[in-house]
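First the structure, in the form of structure tokens, and then the observations on it.
What follows is calculated from the coordinates using simple rules that are stated; it is not laboratory data. What you see is a predicted model; the values in this text were computed from it and never measured. Methodologically, a virtual Cβ is constructed for each residue, glycine included, from the backbone with ideal geometry; neighbour enumeration extends over all protein chains shown.
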Protein chains: 4
Amino acid sequence: MRLNVPIRLRWSDLDAYGHVNNAEMLRLLEEARILALWAPDEAAARVDSGEAIGASTAVLDSRPGADTLSLMAHQEIEYLVPIPYQRQPLNVQLWVSGLGGASMDLCYEVRSPAGVQPEVVYARAATTLVLVDRESGRPRRINERERAAWSPYVEPAIQFHRRGR
Amino acid sequence: MRLNVPIRLRWSDLDAYGHVNNAEMLRLLEEARILALWAPDEAAARVDSGEAIGASTAVLDSRPGADTLSLMAHQEIEYLVPIPYQRQPLNVQLWVSGLGGASMDLCYEVRSPAGVQPEVVYARAATTLVLVDRESGRPRRINERERAAWSPYVEPAIQFHRRGR
Amino acid sequence: MRLNVPIRLRWSDLDAYGHVNNAEMLRLLEEARILALWAPDEAAARVDSGEAIGASTAVLDSRPGADTLSLMAHQEIEYLVPIPYQRQPLNVQLWVSGLGGASMDLCYEVRSPAGVQPEVVYARAATTLVLVDRESGRPRRINERERAAWSPYVEPAIQFHRRGR
Amino acid sequence: MRLNVPIRLRWSDLDAYGHVNNAEMLRLLEEARILALWAPDEAAARVDSGEAIGASTAVLDSRPGADTLSLMAHQEIEYLVPIPYQRQPLNVQLWVSGLGGASMDLCYEVRSPAGVQPEVVYARAATTLVLVDRESGRPRRINERERAAWSPYVEPAIQFHRRGR
């Protein structure tokens, strides 16, 4: 099973080539990941309606000041089609390709906005996150609640076609 | 009358002080302005439901490749309260404080997400845009359709309290 | 007297219009301001040669973890000429137009790289900063050392030609 | 042989965790790559002194309006140590791990500013670029001049320790 997270482009995500900048693409992944995994703040929890993004998966308390930092250890991305400016939110599909003791592997596909046909897969990516205890600076184990929330979204990892020599 | 445009923060809008960076604040205004004024691309037009942002005001054809560039001439912003990270989209209120021949003055208030109480006004801003013909590089007049679309949103300009010496 | 701070553009400062994005322009000011005013970290202090930027003015201890936050209260910018991509660092001129009790007004001109002829003034700007004590969250007075360091750079404020209605 | 490209952090590269944001790290690579490979504009060519970055390698005409686009096909990065704010430019080492017909593989190490001891390797990365003819949108061959300029910097590719499952 995959999560579908709508992520709106910003005008400034484009560079002078007229499409979304290569580094900015990782920003789209970051936004999808945060909406999918981070527990909402109180205000959001009160305002959110039932159809909230990550309703069952947003259980990681990783906001500024929280006990856990989620640190990026590794990231890989394959750019398939340049992304032009578009107004509708892109659909970032996200799933879990591995749950370790204190780390998790996430995979992503950046796709056309929901409903747009023909659908384009613009990019595929994988990232490895490590959960770190803010106080000690040491990795901390994924707890049972997190594991239960994320396990339904385990799917096989992306096989990248193009890896540098 | 004012437009209310929901603009979601990104995690990277915050700097190491832990709140939205001063320059990034203008990015929030830019996103609100584009959603409010720029005509949607075809895909968006087909997918958008009735409650689309800027349904009556998004008439400016200013996307990459279009005939009109909207160039920033002047910008002023007053920062009232630092913006912490929050998951719900901020409410950017936007109105027109002046319509010239080829330029327009917009005012903004960056506010708490819709429904959050007590509501905070984080910042107030004003920007002057000039419409420029891409071909000639010269200002081009606001046309009748644009003027009609934007006139309902004319309200008095912001009086800034704090201006540098 | 004015400080001249070389600030290199980044490729991603440009948007799809092919010139430096309006919000990103404030980033150039921010970088000039930090290099001019913030006290260098230890590593930088050891490595810096004599010709360091802000050799006499970089006395404000405002880095993450320091006692003072420098918060932006007001910002105004006039865009004169779009900035195309260029490899050489732009010359950001910076001076002090006012020193209050706990706040300072800075003015800027964003100019062509040093030595490029004819020289272009791309933008003019003014910002008001407030020094805030991290602990108490309250404004703190500009101290004698800071005032002495910055006073030689006091010059008249910019008169903006174009202010929104 | 490796190129050493000094890349200055910007304050806004840091996020609310207080170190350089994971996506922003690719921006540092992008800047190093452009300074190393892209032919300088005329103004820069006239102003540059002998010790210019990429004096012998900056031969790719890839600026806005040029005949060649350099498009990113694949990118991989391993984050070793979080990067705190620092004033001195980081040293981004860059080398060529593969030269194909129309594509090239670059490797990078993001290191402490030159002269800072002990030296830290903050991140290691690899990217695959494809040269594309702007007119036809099709890959174009690396020409003899480019191949000659870049061949001295061929070194073995990075072996990444940590790849997602």
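Distances between placed amide hydrogens fall under 5 Å for residue A:122 paired with A:110, A:111, A:112, all partners being 5 or more residues away or on another chain. Its relative contact order, with pairs defined as Cα atoms under 8 Å and 6+ residues apart, puts the stretch A:1-132 at 29 percent. Note on B:24-32: average number of Cβ atoms from other chains within 10 Å of each residue's Cβ is 5.
Each Cα pair under 8 Å and six or more residues apart adds its separation to the average, and for the stretch C:48-119 the resulting relative contact order is 19 percent. FRET efficiency for the pair residue A:41 and residue D:56, taken as 1/(1 + (r/R0)^6) with r the Cβ-Cβ distance and R0 = 60 Å, rounds to 0.70.
Taking a Cβ cut-off of under 13 Å around residue D:62, the surrounding Lys, Arg, Asp and Glu residues balance to a net charge of -2, with basic ones at +1 and acidic ones at -1. About its Cα centre, the stretch D:3-153 has a charge dipole of approximately 40 debye under the convention of +1 per Lys or Arg Cβ and -1 per Asp or Glu Cβ, with nothing else charged. Residue by residue along D:78-90, Cβ atoms of other protein chains within 10 Å of the local Cβ number 5 on average.
For the stretch C:1-102, the set of trypsin sites (Lys or Arg not before Pro) satisfying both a DSSP loop assignment and a count of at most 16 other C-beta atoms within 10 Å is given as C:2.
Within 10 Å of the Cβ of each residue in D:105-116, the mean number of Cβ atoms contributed by other protein chains is 2.
With angles folded into 0 to 90 degrees, how steeply does helix D:22-37 sit against the dominant principal axis of chain D? Use alpha carbons for both and round to 10. Roughly 40 degrees, rounded to the nearest 10.
Within the stretch A:73-126, list the GluC sites (Glu not before Pro) lying in a DSSP loop whose Cβ has at most 13 other Cβ atoms in a 10 Å radius. Intermediate values should be presented prior to the final figure.
Values: sites: A:76, A:78, A:109, A:119; in loops: A:119.
Within the stretch A:73-126, the qualifying GluC sites (Glu not before Pro) (loop, at most 13 other Cβ atoms within 10 Å) are A:119.
Position residue C:114: other-copy label points at 1.7, 5.2, 5.5 nm, ordered by increasing distance, label point 7 Å along Cα→C-beta.
The Cα center of the stretch C:56-94 and the Cα center of the stretch A:70-101 differ in position by 33 Å.
Summing Lys, Arg as +1 and Asp, Glu as -1, what charge do residues with Cβ under 13 Å from the Cβ of residue C:108 carry, residue C:108 excluded?
-2
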